[in-house]
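In what follows, a structure is listed as structure tokens, so that the remarks can point back to it.
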Amino acid sequence: MKIGDLVKTKRASMHAPLGSIGLIIEIQKGGVITATGEDWSIFTLLLCGCKVKQRRYCQLDLEVISEAR
């Protein structure tokens, strides 16, 4: 996943229901390293049609719909 990708949420949260659509506008290092050595990132989304316009999600909670070129 990278900046500009269109994604769908796989987790419901306050003011952003399950399946919300958003655009990745920022990526930050999450500081979480899994047992397999993966470094998870935190993605800031610009959400469409939700009360909250920007929200942060872990990469596990997102599904790419359309990749940026």
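Between segment 1-38 and segment 54-68, the C-alpha centres lie 4 angstrom from each other.
Using the Cα centre as the reference, give the magnitude of the dipole from point charges on the C-beta atoms of the chain (Lys, Arg: +1; Asp, Glu: -1; all else neutral), rounded to the nearest 20 debye. Walk me through the numbers on the way to the answer.
On the way: 10 positive and 7 negative charges, 62 e Å.
Magnitude of the dipole: close to 300 debye.
In segment 16-69, inverting the average of 1/r over every pair of distinct C-alpha atoms gives 12.1 Å as the Kirkwood radius.
For the chain, what does the relative contact order come out to in percent, with C-alpha contacts under 8 Å and a separation of six or more?
It comes to 37 percent, rounded to a whole number.
Evaluating 6.51 cos²θ - 1.76 cosθ + 1.60 at θ = phi - 60° for every residue in segment 36-53, the Karplus couplings come out as 8, x, 6, 9, 7, 10, 10, 10, 9, 10, 9, 7, 10, x, 10, 4, 8, 7 Hz, glycine and proline recorded as x. Taking the three principal axes of the alpha carbon atoms in segment 1-40, the coordinate ranges are 31, 21, 14 Å, sorted in descending order. Straight-distance candidates among the lysines for linking to LYS2, with alpha-carbon spacing under 22 Å and chain neighbours fewer than 8 residues away dropped: LYS10, LYS29, LYS53.
Since every read-out is calculated from the coordinates, none of them should be taken as a lab result. A quick note: this is a predicted structure, and the numbers were derived from the prediction, not measured. Here Cβ is always computed from backbone atoms with ideal geometry, including for glycine, and neighbour counts include all displayed protein chains.
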